[in-house]
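The values are calculated or read from the model by the stated rules, or taken from the named source; none is laboratory data. It should be emphasised that the depicted structure is a prediction, and the values quoted were computed from it without experimental measurement. Every residue, glycine as well, gets a Cβ built from its backbone with ideal geometry; the counts of neighbours run over all protein chains shown. These accessible areas exclude ligands, DNA and RNA; they are computed on the full protein's heavy atoms, side chains included. Shrake-Rupley method; radii C 1.70, N 1.55, O 1.52, S 1.80 Å.
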Amino acid sequence: MQDSGRQLHNSSPAEASVNGIHAEGAIDGNPAEGAMDGIPALGTLEELKAVVSQHPGVTLDTTGETPVISMEGFRLPGIRAGFSTRLGGVSEGIYESMNLAIRRGDEDDKVFENYRRLSEALGVDWRRISGLDQVHKTEVLVVEEADAGEGVLRVREKLGYDAQITNVPGLPLVVFAADCVPILYADPVRNVVGSAHAGWRGAVAGIAAVTVRKMSEVYGSDPADIRVMIGPSAGPEGYEVDDTVAEEAGKHPVKQEDILRPSEQEAHWYLDLWRLNREILIGAGVREENIFCTGLSTLEYPGLFFSHRRAHGRRGLGVGIIALT
């Protein structure tokens with residue numbers, strides 16, 4: 001998601017990638033040397049616990065070095081899944097502290113240590129994580145054993161993807177986000193997992209449903225068996241868009257008043273990406289009771305989650321990770 005200088009999203013593209021890893025908007029100047037003016041201060045574990053306690057169904061695991069966000073309804077045998085916060089890492093400056101953006105200005109050693117810590121908390125091997133370049137489109141990569149480590153430990157060679165699915169045990173999938181919507185999928189019947197990156201472009205293009213269909217096509221998943229978890233991202237109260245984006249979102253068979261609310265600025269709207277993705281998933285055959293949304297807004301809690309808009313593009317990336325054990 002590209003920031004236009006105020007809390008507004010227009011139709012300009014945000015498709016910057018660095019060495020095959022999605023950058024979610026370019027940084028002006030040298031990010032490692034930038035001043036901290038305007039960068040949200042890092043929150044505390046106590047603040048994170050207080051926020052989570054206000055969201056029913058959201059869980060917070062603090063048993064390891066690094067806190068992990070998940071949801072009660074998404075705890076499934078043989079599946080590890082969760083979302084990072086800004087806490088528990090070793091990065092400094094604008095990346096403080098659990099930055100998981102590869103080759104985006106932070107020191108590689110620190111980012112890899114952050115992956116090690118988060119993966120240890122989740123019980124997965126960070127060296128085998130598959131990451132994508134995330135170009136705000138709807139292509140889905142079928143991840144195989146040869147893809148282990150691509151996009152995190154090694155530069156990814158397969159480019160142009162925003163979602164991925166796999167049935168390979170011990171091969172974690174990661175989705176990067178800093179306001180865009182990270183979505184995790186699990187089919188406990190067919191033993192398939194997936195991840196998708198749904199910024200406004202991907203959301204209105206239906207990437208949430210495209211991923212479900214790909215799971216069905218490749219692995220025979222029944223959409224009614226698939227569970228979906230929507231992670232921390234820009235919430236409906238502050239995600240302002242212009243008429244162009246609103247028009248695209250309005251093309252879906254969803255009541256416009258359910259996903260769009262007029263902004264104080266003429267010809268601008270607040271878009272509910274959570275509701276839009278939920279309705280698209282339901283339309284794809286996912287049961288409503290199998291869709292779990294954390295309801296945690298990166299715009300509301302920029303001290304706890306990286307937010308491209310709140311930090312004016314000068315920030316790290318959070319992630320969602322899912323794996324079969």
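Just to verify a result, which residue in region 90-109, among those that are in contact with a Phe, Trp or Tyr (Cβ under 8 Å, 6 or more places away or on another chain) and open to solvent by 10 Å² or more (accessible area, probe 1.4 Å), is farthest from Val58 (Cα to Cα)? Lay out the reasoning, then the answer.
We begin by selecting, within region 90-109, every residue in contact with a Phe, Trp or Tyr (Cβ under 8 Å, 6 or more places away or on another chain); these are 99-101, 105-106.
Checking which are open to solvent by 10 Å² or more (accessible area, probe 1.4 Å) leaves us with 105-106.
Working: Gly105: 32, Asp106: 30 Å.
Looking at residues that are in contact with a Phe, Trp or Tyr (Cβ under 8 Å, 6 or more places away or on another chain) and open to solvent by 10 Å² or more (accessible area, probe 1.4 Å), I get Gly105.
Of the residues Arg75, Arg86, only one is buried (at least 21 other Cβ atoms within 10 Å of the Cβ) and of a type in the set (Lys, Arg); which?
Values: Arg75 fails: buried (at least 21 other Cβ atoms within 10 Å of the Cβ).
After applying the criteria, what remains is Arg86.
Under the condition of being touching a Gly at 6+ places or on another chain (Cβ under 6 Å) and among the hydrophobic types (A, V, I, L, M, F, W, C), which residue from region 289-322 is nearest to Glu107 (Cα to Cα)?
Here the residue is Phe306.
Name the one entry in Pro253, Pro236 that is more than 30 Å from Val143 (Cβ to Cβ), in contact with a strand residue (DSSP E or B) (Cβ under 7 Å, 6 or more places away or on another chain) and either open to solvent by 10 Å² or more (accessible area, probe 1.4 Å) or part of a loop (DSSP other than H, G, I, E, B) (or both).
Numbers: Pro253 fails: in contact with a strand residue (DSSP E or B) (Cβ under 7 Å, 6 or more places away or on another chain).
Of Pro253, Pro236, the one residue that is more than 30 Å from Val143 (Cβ to Cβ), in contact with a strand residue (DSSP E or B) (Cβ under 7 Å, 6 or more places away or on another chain) and either open to solvent by 10 Å² or more (accessible area, probe 1.4 Å) or part of a loop (DSSP other than H, G, I, E, B) (or both) is Pro236.
Here's the yes/no breakdown for (1) aromatic (Phe, Trp, Tyr); (2) open to solvent by 10 Å² or more (accessible area, probe 1.4 Å); (3) modelled with pLDDT of 95 or more; (4) not in a loop (DSSP other than H, G, I, E, B):
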| site | (1), (2), (3), (4) |
| --- | --- |
| Glu247 | no, yes, no, yes |
| Gln265 | no, yes, no, no |
| Asn277 | no, no, yes, yes |
| Val286 | no, no, yes, no |
| Phe292 | yes, yes, yes, yes |
| Ser307 | no, no, yes, no |
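Inside region 281-300, can you point out the residues that are touching a residue at least 60 places away in the same chain (Cβ under 8 Å) and touching a helix residue (DSSP H, G or I) at 6+ places or on another chain (Cβ under 6 Å)?
Leu281, Ala284, Gly285, Val286, Arg287, Ile291, Phe292, Cys293
Take region 252-280 and flag every residue that is free of Cβ contacts under 8 Å to residues at least 40 places away in the same chain, touching a His at 6+ places or on another chain (Cβ under 9 Å) and closer than 20 Å to Cys180 by Cβ.
Scanning region 252-280 gives Ile259, Glu279.
Looking at Gly199 and the list (1) surrounded by fewer than 24 Cβ atoms within 10 Å (Cβ to Cβ); (2) at pLDDT below 95; (3) not charged (D, E, K, R), which single condition is not satisfied?
(1)
May I ask you to list the residues in region 127-152 that are free of Cβ contacts under 8 Å to residues at least 40 places away in the same chain, outside any loop (DSSP other than H, G, I, E, B) and crowded, with 20+ Cβ neighbours inside 10 Å?
Kept after step one, since they are free of Cβ contacts under 8 Å to residues at least 40 places away in the same chain, are these residues of region 127-152: 127, 139, 141, 143-150.
Now restrict to residues that are outside any loop (DSSP other than H, G, I, E, B): 127, 141, 145-147, 150.
Leu141, Asp147, Glu150, listed by residue number.
Residue check: is Val124 β-branched (Val, Ile, Thr), out of contact with any Cys (no Cβ under 8 Å at 6 or more places or on another chain) and either assigned to a loop (DSSP other than H, G, I, E, B) or open to solvent by 20 Å² or more (accessible area, probe 1.4 Å) (or both)?
Values: β-branched (Val, Ile, Thr): yes; out of contact with any Cys (no Cβ under 8 Å at 6 or more places or on another chain): yes; either assigned to a loop (DSSP other than H, G, I, E, B) or open to solvent by 20 Å² or more (accessible area, probe 1.4 Å) (or both): yes.
Yes; evaluated as a whole, the condition is true for this residue.
With the structure loaded, tell me whether Arg190 is open to solvent by less than 10 Å² (accessible area, probe 1.4 Å), among the basic types (Lys, Arg) and modelled with pLDDT of 95 or more or whether it fails that test. Steps first, please.
Values: open to solvent by less than 10 Å² (accessible area, probe 1.4 Å): no; among the basic types (Lys, Arg): yes; modelled with pLDDT of 95 or more: yes.
No; evaluated as a whole, the condition is false for this residue.
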